[in-house]
Amino acid sequence: MMFAPRDEAFMRAAIALARRGLGRTWPNPSVAALVVNESVDPPVMLGRGRTSPGGRPHAEANAVAEAGEAARGATMYVTLEPCARRSQRVFGPSCTEIILASGIARVVIGAADPSPFASGEGTEALRKAGIAVVTGLCEPEARAVTRGHCLRVSSHRPFVTLKLAQTKDGFAGTADRKPIAITGEEARAYVQRLRSIHDALITGIGTVLADDPRLDVRLPGMAGMSPMRVVLDTEGRLPAHARIITEAAKAPVLILSAKARNPFLGVSNRTASQAGPSGGEGEQAAEILGIPKAEDGHLDLAAALGALAAQGITRVMVEAGPTLSNAFAKAGFIDRLELLTGANAIGQGLPAIGRDLAGWIAKAHLVGARMLGPDRLEIHEGKG
């Protein structure tokens, strides 16, 4: 079946709505659905829905609920193939069952879902019920929104964005590895927004010990959009006074370590907790997961990403120093690079881009570049 001329406009509107849910819907993908009455001119939007925070209800259920009885005979535009069944019936009917019960007459789908709970079953069930189904509209754009979900299903790892800042002459810090201010306010605000569309942020223990970062979202009105913070801490060196721990109430903290016990936090196995800062009575908690070492003595990054995928994480951003950034490139686990270059040079220092990351950049696609105040942003995406 051919697409109607207006189909692309509605699908692009749905994709834009789905993008607004990134970082808040894991373990499920951010999906959007529109229910439209196309029997009138111009068409009338009857209902729209996006995957709810935490992953449920799904987009289709929300859109149908908003449309109500008016959905009968209407068209649904949905960015990802509707699920055909649920892993646990306690969550209620599948999206396919909801669509069938609604009386919707036509469904336009952006991208297929490789999940075992969809994977063609939803489309087939709708067609068998006599619903007109067309697929693949704006597929590249729709798939880009759900790429983390698809990687989690197919490769047992989340989508990985690496964020890296360098001086004009290519350094990430001073020669003695001390941090320096590289970018200005516009670039820093951009990074805050970038954090908010990822499920988790990954950093290394070296960055925590050197910089004591918060890794949260501090833009006005966006404090509740801080992602999970993940620390790769091979030898269990994370101190209890680190801000990522004392401010753990702001967003979950997950420590990946090869050690069974962290002597500074005084805990072992899966849970670390401590009294709040300044002797407060509140309690913050950080979970510890055991990850094996690789041959080089550092944490096995494949195992680390697999553990995050098992937790339901679909999109992560790595904010770390040059060593860990290069390790992700060497292991082949970078999907997207957000490279910020400051306006100032420092003459000498710690090189920001290692050999393996430089090789990755040489093979990647430059998909965007622009100025953020005095700083330059380049966005690179890996091939495949």
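The values are calculated or read from the model by the stated rules, or taken from the named source; none is laboratory data. Predicted, not measured: the structure shown is a model, and the values here were computed from it. FYI the Cβ positions are ideal-geometry reconstructions off the backbone, even for glycines, and counts take in every protein chain you see. Just the protein is used for accessible areas: all its heavy atoms, side chains included, with ligands, DNA and RNA removed. Shrake-Rupley method; radii C 1.70, N 1.55, O 1.52, S 1.80 Å.
To keep it simple, each residue is scored yes or no on (1) at pLDDT below 95; (2) assigned to a strand (DSSP E or B); (3) in contact with a helix residue (DSSP H, G or I) (Cβ under 7 Å, 6 or more places away or on another chain); (4) not β-branched (Val, Ile, Thr).
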| site | (1), (2), (3), (4) |
| --- | --- |
| MET2 | yes, no, no, yes |
| PHE10 | no, no, no, yes |
| ILE15 | no, no, yes, no |
| SER39 | yes, no, no, yes |
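Can you find, within region 101-123, the residue that is farthest from the chain's Cα centre (by Cα) among those that are assigned to a helix (DSSP H, G or I) and under 27 Å from TRP26 (Cβ atoms)?
Filtering region 101-123 down to residues assigned to a helix (DSSP H, G or I) leaves 101-102, 121-123.
Now restrict to residues that are under 27 Å from TRP26 (Cβ atoms): 102, 121-123.
Values: SER102: 31, GLU121: 26, GLY122: 25, THR123: 26 Å.
Once the filter is applied, the top-ranked residue is SER102.
Scan (1) surrounded by fewer than 14 Cβ atoms within 10 Å (Cβ to Cβ); (2) of a type in the set (A, V, I, L, M); (3) more than 19 Å from VAL160 (Cα to Cα) for the single condition ALA362 breaks and write down its number.
(3)
Inspect all residues belonging to region 270-282 and state whether any of them is buried (at least 17 other Cβ atoms within 10 Å of the Cβ) and either modelled with pLDDT of 95 or more or closer than 22 Å to GLY148 by Cβ (or both). Write out each step before concluding.
Filtering region 270-282 down to residues buried (at least 17 other Cβ atoms within 10 Å of the Cβ) leaves 272, 274.
Still in the running and either modelled with pLDDT of 95 or more or closer than 22 Å to GLY148 by Cβ (or both): none.
Within region 270-282 (the criterion being buried (at least 17 other Cβ atoms within 10 Å of the Cβ) and either modelled with pLDDT of 95 or more or closer than 22 Å to GLY148 by Cβ (or both)), the answer is no, since none of the residues qualifies.
Could you grab the pairs with beta carbons closer than 8 Å, sequence gap of 6+ or different chains, first residue in region 198-212 and closer than 22 Å to MET225 by Cα, second one hydroxyl-bearing (Ser, Thr, Tyr)?
Matching pairs, first to second residue: HIS198/THR161; ASP199/THR314; GLY204/THR323.
Being open to solvent by less than 40 Å² (accessible area, probe 1.4 Å) and modelled with pLDDT under 95 narrows it down to one of ARG86, ARG56, so name that one.
Numbers: ARG56 fails: open to solvent by less than 40 Å² (accessible area, probe 1.4 Å).
That would be ARG86, the only listed residue that is open to solvent by less than 40 Å² (accessible area, probe 1.4 Å) and modelled with pLDDT under 95.
Which one is farthest from the chain's Cα centre (by Cα) among residues in region 304-353 that are under 24 Å from LYS259 (Cα atoms), crowded, with 22+ Cβ neighbours inside 10 Å and among the small types (Gly, Ala, Ser)?
ALA327
So LEU151 passes all but one of these: (1) surrounded by fewer than 19 Cβ atoms within 10 Å (Cβ to Cβ); (2) aliphatic (A, V, I, L, M); (3) farther than 26 Å from GLY47 by Cβ. Which condition number does it fail?
(1)
Just need a number here: residues in region 320-349 that are within 18 Å of VAL191 (Cβ to Cβ) and either without any contact (Cβ under 8 Å) to a residue 12 or more places away in the chain or of a type in the set (A, V, I, L, M, F, W, C) (or both).
Going through region 320-349, the residues within 18 Å of VAL191 (Cβ to Cβ) turn out to be 320-322, 324-325, 328, 334-344.
Retained after the next criterion (residues that are either without any contact (Cβ under 8 Å) to a residue 12 or more places away in the chain or of a type in the set (A, V, I, L, M, F, W, C) (or both)): 320, 324, 328, 334, 337, 339-340, 343.
Residues in region 320-349 being within 18 Å of VAL191 (Cβ to Cβ) and either without any contact (Cβ under 8 Å) to a residue 12 or more places away in the chain or of a type in the set (A, V, I, L, M, F, W, C) (or both): 8 in total.
Is there a residue in region 52-60 that is among the polar types (S, T, N, Q), under 24 Å from the mean Cα position of the chain (by Cα), over 20 Å from THR135 (Cα atoms) and part of a loop (DSSP other than H, G, I, E, B)? Spell out how you get there, then give the answer.
Restricting attention to region 52-60, the residues satisfying the condition of being among the polar types (S, T, N, Q) are 52.
When the remaining residues are screened for being under 24 Å from the mean Cα position of the chain (by Cα), the result is 52.
Now narrow it down to the ones that are over 20 Å from THR135 (Cα atoms): 52.
Going one step further and asking which of them are part of a loop (DSSP other than H, G, I, E, B), we end up with 52.
Within region 52-60 (the criterion being among the polar types (S, T, N, Q), under 24 Å from the mean Cα position of the chain (by Cα), over 20 Å from THR135 (Cα atoms) and part of a loop (DSSP other than H, G, I, E, B)), the answer is yes, since at least one residue qualifies.
Return the pair list, or none, for Cβ contacts closer than 6 Å from residues in region 214-240 that are within 24 Å of ALA294 (Cα to Cα) to residues that are surrounded by fewer than 20 Cβ atoms within 10 Å (Cβ to Cβ) and among the small types (Gly, Ala, Ser), at least 6 apart or on different chains.
Every condition considered, the pairs that remain are THR234/ALA258.
Just checking, how many residues over region 197-211 are more than 23 Å from ASP176 (Cα to Cα) and among the charged types (D, E, K, R)? Please lay out each step first, then the result.
Going residue by residue through region 197-211, those that are more than 23 Å from ASP176 (Cα to Cα) are 197-202.
Retained after the next criterion (residues that are among the charged types (D, E, K, R)): 199.
Residues meeting the conditions: 1.
Only one residue in THR174, THR146, THR161 is over 18 Å from VAL191 (Cβ atoms) and either surrounded by 15 or more Cβ atoms within 10 Å (Cβ to Cβ) or touching a helix residue (DSSP H, G or I) at 6+ places or on another chain (Cβ under 6 Å) (or both). Which one? Talk me through it step by step, then tell me what you get.
Values: THR174 fails: either surrounded by 15 or more Cβ atoms within 10 Å (Cβ to Cβ) or touching a helix residue (DSSP H, G or I) at 6+ places or on another chain (Cβ under 6 Å) (or both); THR161 fails: over 18 Å from VAL191 (Cβ atoms).
Result of the check over THR174, THR146, THR161: THR146.
Output the qualifying pairs, or none if there are none: Cβ atoms under 6 angstrom, residues six or more apart or on different chains, first residue in region 243-267 and farther than 15 Å from ASP233 by Cα, second residue part of a helix (DSSP H, G or I) and modelled with pLDDT of 80 or more.
Between residues of region 243-267 that are farther than 15 Å from ASP233 by Cα and residues that are part of a helix (DSSP H, G or I) and modelled with pLDDT of 80 or more, there is no close pair.
Give region 105-135 a look and list any residue that's surrounded by fewer than 19 Cβ atoms within 10 Å (Cβ to Cβ), among the small types (Gly, Ala, Ser) and within 10 Å of GLU81 (Cα to Cα), or say none.
Matches in region 105-135: SER119, GLY120.
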